[in-house]
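Written out below as structure tokens is the structure these notes cover.
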Amino acid sequence: MKTSIAREDLARIAQAIAPEAKTLEGKTILISGGSGFLGNYFIGAFKELNKTLLKNPCRVISIDNFITGSRTALDEKDPQIKHIEADITKPLNIDEPVDYIIHAAGLASPFYYKKYPLETIETTIAGAKNLLDLARKKNAKSFLLFSSSEIYGDPDPRFVPIPETYKGHVSSIGPRACYDESKRLAETICMVHHQLYGIPVKIVRPFNIYGPGMKPDDYRVFPTFITRGLLGNSLPVHGSGVQTRAFCYIADAITGFLKVLLSDKNGEIYNVGNDSEELGMEALANLMVEEIGNGAVVQLIEYPDSYPADEPQRRCPDITKIRAQLGYKPTVNLREGIKRSIAWYKEAFPERFDVKK
């Protein structure tokens, strides 16, 4: 999180959640998947709060097995951040107090959950169970589960934008089921623990989060388009290119997630995303080409074998609930987010994209 773009994002997040963040004074947050895209931004946000807002700093315990996460954060020494290399599918032994738990570990990229289907299931399900047991043991103040907009499957167009009440259109045995169905079951496990044991569970369903911090080899659409475009290669659009998404910039998303974590709305589920600018993938690619500005072109291609079939045709959240209950409001429009993402890749990988330091 050393780039100027990331520092600006973290300052924006800290400012947006300042009223809620005071509750983190002197508290300990445990996060699974702390070396991933979202995990790194969470840790960066907590470090920014310690630096600018909290008189008594919060402490962070990050757990990751690095199956897809990055070890670079381990080089950044901070007395308030503890990195543990561990497998959350096994019971956890944490000796110190834990006040907040975030279960963000998972394999969200279709390329990786197709490659590691059993690990995807076990990380979500066994990981949730072990962290819920820890929350019960430690009497945690809040437990945040990262579910996914993928639990809605390929939605009936009558229910787009998709509200939290939509029950989904998902195959239990399809090529995406290891991810989709494990998230659905994790939601069930969390709600049962809330009902039986009073664990203060909250669930978020992120919608197409993007931005600085996504690895070039993540294989999702944003890093693929940007990294290929910066190298002057074609931007590959699968199928007809009319499948749509509504994308949410990382700084807005982390703000929403933290608002949920720090709220008193236990046993609730929230969509987190941006409900504006739903657009097709070919249109997104053309926008990328325009912003990159080096003559790269858009190319429609067949779906590769490495990509799971049954891609949802539309994805756009209804965020009425989180907007009304928690005051969440995305502020970064798509073009600005694309500009910031492109600038980050150039700054973070100058050798790869032939940019002078």
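So for the pair Glu336, Leu300, with labels modelled 7 Å out along Cα→Cβ, what separation do we get in nm? So the label points at Glu336 and Leu300 sit 3.4 nm apart.
Over 20 Å apart at the Cα level, from the set Lys51/Lys346; Lys138/Lys321; Lys215/Lys339; Lys259/Lys346, are Lys51/Lys346; Lys138/Lys321; Lys259/Lys346.
Shape class of the stretch 1-138 from the Cα gyration tensor (axes a ≥ b ≥ c, square roots of the eigenvalues): oblate, since a/c reaches 1.5 or more and a/b does not exceed b/c.
Annotation: Cα Rg of the chain relative to the compact-globule expectation 2.2 N^0.38 Å equals 0.94. Could you check which residue among Lys90, Lys77, Lys339 shows the biggest mean-square fluctuation in a GNM of the chain with a 10 Å Cα cutoff? So, out of Lys90, Lys77, Lys339, the one fluctuating most is Lys77.
Please give me the summed charge of the neighbours of Lys265: other residues whose Cβ is under 15 Å from its Cβ, Lys and Arg +1, Asp and Glu -1. That sum, taken over residues with Cβ under 15 Å, equals +2. In the chain, the DSSP-assigned H stretches of four residues or longer account for a calculated mean residue ellipticity at 222 nm of -12000 deg cm²/dmol, using -39500 (n - 2.57) per stretch and the full residue count as denominator.
With a Förster radius of 56 Å applied to the beta-carbon distance between Leu196 and Ala18, the computed FRET efficiency rounds to 0.95. With the convex hull drawn around the C-alpha atoms of the stretch 151-191, the volume per residue stands at 66 Å³. Considering only Ala324, Ala126, Ala285, the mean-square fluctuation computed in a Gaussian network model of the chain, springs between alpha carbons under 10 angstrom, is largest for Ala324.
Every number in this text was worked out from the coordinates using simple rules, so none of it is lab data. The structure displayed is predicted, hence computed values, not measured ones. Every residue, glycine among them, receives a Cβ derived from its backbone with ideal geometry; neighbour counts consider all protein chains shown.
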